[in-house]
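First the structure, in the form of structure tokens, and then the observations on it.
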Amino acid sequence: MVLRNDQWKIYDLKVEGISLVISNRETFNQMIRDTGSLDTVITEMKAKNKKP
């Protein structure tokens, strides 16, 4: 993701047929299923983002 002109742009990287966007989507979907809440996933991501 890249912030340009106050808008987020998403770029996909595909290596040997594996898409980074699809891989991340599957990871986030699993996290939502595991926690039962998108809000919980967002809170966890914010906390991890604050760590050095």
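Any read-out appearing in this document is the output of simple, stated calculations on the displayed coordinates, not a laboratory observation. Values in this document were obtained by computation on a predicted structure and should not be read as measured data. Glycine gets a Cβ as well: all are built from the backbone with ideal geometry, and neighbour counts include every protein chain shown.
In nanometres, what is the gap between the two model label sites at residue 20 and residue 46, each 7 Å from Cα along Cα-to-Cβ?
Output for this residue pair reads 2.5 nm.
What net charge is computed for the residues neighbouring residue 20, neighbours being all others with C-beta under 10 Å from the C-beta of residue 20, Lys and Arg scored +1, Asp and Glu -1?
Numbers: positive: 14, 25; negative: 12.
Once all neighbours under 10 Å are counted, the net charge is +1.
Counting each DSSP H run of 4 or more residues in the chain as -39500 (n - 2.57), what helix-only mean residue ellipticity at 222 nm follows after dividing by all residues, to the nearest 500 deg cm²/dmol?
-18000 deg cm²/dmol
Just the ratio, please: alpha-carbon radius of gyration of the chain over 2.2 N^0.38 Å, N its number of residues. Intermediate values should be presented prior to the final figure.
On the way: Rg = 13.5 Å, N = 52, 2.2 N^0.38 = 9.9 Å.
Dividing the Cα Rg of the chain by 2.2 N^0.38 Å gives 1.36.
What is the sum of charges around residue 40, taking Lys and Arg as +1, Asp and Glu as -1, for the other residues whose C-beta is under 13 Å from the C-beta of residue 40?
Charge balance in the 13 Å sphere: 0.
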